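Engineer: Please see the structure below; I have some questions.
Each value in this text was obtained by applying a stated rule to the coordinates, not by laboratory testing. All of these numbers come straight from a predicted model, not from anything done at the bench. With ideal geometry, Cβ positions are generated from the backbone for all residues, glycine too; neighbour counts draw on all protein chains shown.
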Amino acid sequence: MADLRTNLAGITSPNPFWLASAPPTNSGYQVQRAFEAGWGGAVWKTLGDPILNVSSRYAAVHFNGQRVAGFNNIELITDRPLEVNLNEIYETKKKFPNHAVVASLMVEPNQDAWHEIVKKTEAAGVDGLELNFGCPHGMAERGMGSASGQVPELVEKQTYWAKEAAETPVIVKLTPNITDITATAEAAVRGGADAVSMINTINSLAGVDIDTWRPIPHVGGKGAHGGYCGPAVKPIALNMVSECARNSRINVPISGMGGVSNWQNAIEFMLMGASNVQICTAAMHHGFRIVEDLIDGLSTYLDERGILSVQDIIGKSVPSFSDWGNLDLNYKVVARINNDVCINCNKCHIACEDTSHQCIDMLKDPKGHAILQVREEDCVGCNLCSIVCPVDGAIDMVELKSDLPPMTWNERQSLITSLKDHKVTK
Amino acid sequence: MSTSEPMIQREIQKRFNEVTPPLTNQEAFQESQRCLYCYDAPCIQACPTGIDIPTFIKKIASGNMKGSAKTIMTANPVGASCARVCPTEELCEGACVLNHSTKPILIGNLQRYATDWAIKNDQVLFKEGQPNGKSVAIVGGGPAGLSAARELALLGYSVTVYEAEKQAGGLDTYGIVSFRLPKAISLWEVEQIENLGVTIKTGVKIGIDIPFHELLSTNDRVILAIGMANVPDLQIPGENAEGVYDAIELVKMTKDAPFPSHLKDKKVVVIGAGNTAIDGATCSVRLGAENVKILYRRSEQEMTAYDFEYEFAKQDGVEFRWLTQPVEIVTNKSGQVTGMKCVKMKLSEAAEDGRRRTEPIPNSEFLIECDAIVKAIGQKRHLSFIEDLGIAHNDGVILINPDTMETSNPKIYACGDVIFGKGQGEAMVVSAAQQGKTAAYHMHESLKETYSA
């Protein structure tokens, strides 16, 4: 079996699956249950000045019968006294010395406040600290969470303050509610962060009840924006991880999270540069037992490929993630329909006809059977038909050999510029 | 202690309750999600009435139940009945593309779910058209007649339906066993059509109570949708004995409580092997018959009942005696059936129509003891009535132009079972519904120029 042990800026854990700082890590009871189930680490629900919560806190987005495609919450950080949490952290760490216990922290942007909480928390025996600059609701209105996390200077300064006091690794957790997450990631690195983690939740309103016209969820008839997570946010999170991973100024490890629901998702995040993954919504949907298949699936994946350690896949896809301007304009794929497999639902035809490039014809074969055929000369290789096709193997996207050498947009532009220059000098 | 009559009735009622349970909300939602929403979907093409099936299923998925029911009933005015009686595996479900990958969508059950919703929620789905000053008489209030009436009412015609029975609905009301199609469903469809201003005169026999020519002279057009008549005679000795029943009449008796007790603890033989024979047999079982046998002079391969009906009868404990030809009904002194004398048959080579003929095996006569005999060897036609109309027919099958449903008299249209046979038409309820629509549209086309408006 492949070695699943991971190391995030010196914080080691038996496997890359951590519970994210959230309701599942609210108490020692829960975190210990999670470790017993097999989770490699846990980021404790954010410590700070205990808050008051509201009742009716979560809402989910269900899509076409699939429950919890996305998840929204308006719960705040821990509502339990700091001492209670620290005692339970101490007990948990004692019982599970090889598991990663990281404390998430959030205080007002003040040097003394950061020094105080960092010292107290480290005294409880945590393996590391995660600064919560991401929580988008409630705490942000008080100048904390994403209110801090959206301002690079505040990220840098507060990271610096935490680092002044910290003896364990400091992870800075970033908010996605910003145009360019690399700006705040770079700020965290400038402040001395040992690692960055992303993404926190995305500002969201889960829905509106069309019978009562109230927001979902509502608190006595009134709602406020929450934080969105779950499978629907994975592509957003994956992009942000990837953008940070390929940025040379963000030269610290990344803990990836945002919609990770299965071992395949975890592999994707790690290939795109995450040293481990954090998970919350999937556990809230199904319970801690999901970690069994996360570990099993990952392990089998690595074994089948002869990869000895999970750490060997970290960042392996980063070099292939670039800017649009570096993509080959002469690369060409086209759709090919396998009529033996096709069940003639005609979804590819109507998708192409109405919304793409009108290149899939509904025809009859010599025997009079309905068939679908792509006019390859008109196909732009957009993938839409293969996306809407409900049958595996009915549509292949086939690579065509190009007569032209590879040429990216950037290369093309520089070539044009050089030709112009050439003319001028002539 | 003897069981009280109401208790017995309640017990029998249970046996006549619908066999197939309705889909639950959750089941319907999940099944509707499974539909691929095909473009140019083969299920639509396979439906004789052309119901836009992907659309009505999509509407179940989106929670637009009224829209779903309306989509169904727009294309098929007896769509609630058809949801239950259509041979879906031969039509829509048989055409579902998912047959080639997983398993077909339960289209019939979803159609039932949507129409049940409309029934339960007392929905008004249609409004009658602006009156156009034209009137149409429809003879026969079965699926074909009702379907034509509904379409004509939407187009603004003044429509009167003449129905010989106490209630309209025809086959759907009287001829399909309750455990497949409860009477209330058919009567809801009738009510929907009445709500559009269609007058339905029940208990009126044209040709007896009102002469046909009167309809012809007082209306712009007449539609004949008179269906078929009773089961013909077996033409063997003993035909009139006490204990010989007509399968169609038997089914009709079970469509309403109180249920008859004449087959309780009786040994019943059913003659024939079509869907009506199955109905006669399964109704007999439910009425408390001790033993039910179906006798058929051909073999299992030739039987015309749908496979699922055959399976259903076997589940009910109905026994089948193949290659068995009844030759004489045996009675006791008081004229009560005591048995059926039969001969064994053997199959010969296939004839021109591909069906194998049978011939009796000499000296193979034997007796099957029984107390009751249910005839189910097809249906007679209203031959003398049809002959009096002076329109072209072939042995009681009215000849029509299949594109327009027009008979040899351009003022008379015909649809439904009355045109079925001799290689013309289809026997299904859903085909009758489509023929009714076709008759209405072409009649409308032919009358367009004469509008007062």
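Engineer: Suppose the chain between residue A:367 and residue A:236 were pulled fully straight at 0.36 nm per residue; how much longer would it get relative to their current alpha carbon spacing?
Structural biologist: Net length gain for the segment: 42.4 nm.
Engineer: Next question, about the same structure. Say the cut-off is 23 Å between C-alpha atoms; which of A:45/A:173; B:103/B:437; A:95/A:234; A:234/B:103 go over it?
Structural biologist: Pairs exceeding the cut-off: B:103/B:437; A:95/A:234; A:234/B:103.
Engineer: Also: Between residue B:123 and residue B:265, how many nm apart are label points set 7 Å from Cα along the C-beta direction?
Structural biologist: For the pair residue B:123/residue B:265, the computed spacing is 4.9 nm.
Engineer: Segment B:213-246 to segment B:138-156: how many Å between their Cα centroids?
Structural biologist: Segment B:213-246 and segment B:138-156 have Cα centres separated by 21 Å.
Engineer: Cross-link list B:264/B:344; B:341/B:375; B:266/B:293: which exceed 18 angstrom alpha carbon to alpha carbon?
Structural biologist: Listed pairs above 18 Å: B:264/B:344.
Engineer: Now a separate question. If you project the alpha carbons of chain B onto the principal axes, what extent comes out on each, in Å, largest first?
Structural biologist: Between the extreme Cα coordinates on each principal axis of chain B lie 72, 55, 55 Å.
Engineer: So, one more: Do you know the relative contact order of segment B:220-361, to the nearest whole percent, from alpha carbon pairs under 8 angstrom that are 6+ apart?
Structural biologist: Computed value for segment B:220-361: 21 percent relative contact order.
Engineer: Give the distance, in whole Å, between the Cα centre of segment A:277-320 and the Cα centre of segment A:1-21.
Structural biologist: Centre-to-centre distance over Cα atoms comes out at 10 Å.
Engineer: What longest region of chain B stays clear of GluC sites (Glu not before Pro) that DSSP places outside H, G, I, E and B and that have at most 15 other Cβ atoms within 10 Å?
Structural biologist: Here the longest run is B:19-238.
Engineer: How about residue A:347: which aspartates and glutamates have a C-alpha closer than 13 Å to its C-alpha, ignoring those fewer than 8 places off in the same chain?
Structural biologist: Leaving aside aspartates and glutamates fewer than 8 places away in the same chain, those within reach of residue A:347 are A:361, B:40.
Engineer: With the dipole of segment B:1-95 worked out from charges on the C-beta (+1 for Lys and Arg, -1 for Asp and Glu) around the Cα centre, which of B:75, B:20, B:65 lies farthest toward the positive end?
Structural biologist: B:65
Engineer: Here's a follow-up. Just to verify a number: FRET efficiency for residue A:29 and residue B:8, C-beta to C-beta distance, R0 = 51 Å, to 0.05?
Structural biologist: Taking R0 as 51 Å, the efficiency between residue A:29 and residue B:8 is 0.25.
Engineer: Based on the Cβ-Cβ distance of residue A:82 and residue B:401, what FRET efficiency does E = 1/(1 + (r/R0)^6) give at R0 = 56 Å, to the nearest 0.05?
Structural biologist: 0.05
Engineer: Which ³J(HN,Hα) values in Hz, rounded to whole numbers, follow from the phi angles of segment A:203-218 under the Karplus curve 6.51 cos²θ - 1.76 cosθ + 1.60, where θ = phi - 60° and Gly and Pro get x?
Structural biologist: 3, 7, 10, 4, x, 10, 6, 6, 8, 9, 6, 9, x, 10, x, 10
Engineer: Report the local net charge at residue A:123: Lys and Arg +1, Asp and Glu -1, summed over other residues whose C-beta lies under 15 Å from its C-beta.
Structural biologist: -3
Engineer: Would you calculate the separation in nanometres between label points at residue A:37 and residue A:328, each defined as 7 Å from the Cα along the Cα-to-beta-carbon direction?
Structural biologist: Result for the modelled spin labels: 4.5 nm.
Engineer: Please list, or write none, the aspartates and glutamates whose alpha carbon is within less than 14 Å of the alpha carbon of residue A:119, excluding same-chain residues fewer than 8 places away.
Structural biologist: Candidates past the 8-residue exclusion: A:83, A:127, A:130, A:164, A:167.
Engineer: Given the C-alpha centroids of segment A:219-242 and segment A:145-184, what is the distance between them in whole angstrom?
Structural biologist: Going from one Cα centre to the other spans 19 Å.
Engineer: Something else: With n ≥ 4 as the cut-off for DSSP H runs, can you work out [θ] at 222 nm for chain B, using -39500 (n - 2.57) per run divided by the number of residues, rounded to the nearest 500?
Structural biologist: Calculated mean residue ellipticity at 222 nm is -10000 deg cm²/dmol.
Engineer: Ok, one more. Full-extension gain between residue A:285 and residue A:5, please, as 0.36 nm times their residue separation minus the C-alpha to C-alpha distance.
Structural biologist: 98.2 nm
Engineer: In addition: Where does chain A land at 222 nm, in deg cm²/dmol rounded to the nearest 500, when only DSSP H runs of n ≥ 4 count, each adding -39500 (n - 2.57), divided by all residues?
Structural biologist: Counting only the DSSP helices, I get -9500 deg cm²/dmol.
Engineer: Report, as an integer, the average count of C-beta atoms from other chains found within 10 Å of each Cβ along B:28-39.
Structural biologist: 4
Engineer: Additional query: Need the full-extension length gain, residue B:213 to residue B:256, defined as separation in residues times 0.36 nm minus the C-alpha distance. One decimal, nm.
Structural biologist: 12.0 nm
Engineer: Tell me the label-point distance for the pair residue B:307, residue A:98, using the 7 Å Cα-to-Cβ offset, in nm and rounded to one decimal.
Structural biologist: Simple spin-label model gives 5.8 nm for this pair.
Engineer: Counting partner chain Cβ atoms within 10 Å of every residue's Cβ in B:94-104, what's the average?
Structural biologist: Averaged over the peptide's residues, the number is 3.
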